[in-house]
Amino acid sequence: MQNYYSEAVNALFRSVLLLESEDESRAFFEDLCTIKEIQDMAQRFETARLLYSGKSYQEISRQVGTSSTTISRVSRCLNYGDGGYETVIARLEEQEKEDEV
């Protein structure tokens, strides 16, 4: 996936790392993306979380409204990607556990 990298793409990734709160992240993404783009990314991320937790394609499609094509793409990323979903999902789960305490 590195063929799309450019200085602009790298600057975008660095910019995300500078965000310090959920509110800042929300404001940045609302400025950067359309509502549909944010919803699509959120749907893919929720699909990844459900796949990671062992849910079936059918359950995910019913719960999230994701097409089987999108579920398959996310599954490929989970199984053969660079590990981005797994890193974030694991950290988010750890944060949610800490928040419960």
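Pick out the one residue from SER15, SER21 that is loosely packed, with under 10 Cβ neighbours inside 10 Å and either hydroxyl-bearing (Ser, Thr, Tyr) or touching a strand residue (DSSP E or B) at 6+ places or on another chain (Cβ under 7 Å) (or both).
That would be SER21, the only listed residue that is loosely packed, with under 10 Cβ neighbours inside 10 Å and either hydroxyl-bearing (Ser, Thr, Tyr) or touching a strand residue (DSSP E or B) at 6+ places or on another chain (Cβ under 7 Å) (or both).
Within 24 Å of SER21 (Cβ to Cβ), touching a Leu at 6+ places or on another chain (Cβ under 8 Å) and surrounded by 11 or more Cβ atoms within 10 Å (Cβ to Cβ) - does that describe any residue in region 76-85?
Within region 76-85, one or more residues are within 24 Å of SER21 (Cβ to Cβ), touching a Leu at 6+ places or on another chain (Cβ under 8 Å) and surrounded by 11 or more Cβ atoms within 10 Å (Cβ to Cβ).
Filter the helices (runs of 4 or more DSSP H) completely within region 6-66 down to those with at least 2 residues that are out of contact with any Phe, Trp or Tyr (no Cβ under 8 Å at 6 or more places or on another chain), more than 22 Å from ARG91 (Cβ to Cβ) and touching a residue at least 12 places away in the same chain (Cβ under 8 Å).
Filter on region 6-66 gives 57-64.
For region 32-52, which positions are surrounded by 12 or more Cβ atoms within 10 Å (Cβ to Cβ) and of a type in the set (A, V, I, L, M, F, W, C)?
LEU32, CYS33, ILE38, MET41, ALA42, PHE45, ALA48, LEU50, LEU51
The numbers here are math on the coordinates, done by the rules we state, and not lab data. For clarity, every value in this text was computed on a predicted model and none was experimentally measured. Positions of Cβ are backbone-derived with ideal geometry, glycine not excepted, and every protein chain shown enters the neighbour counts.
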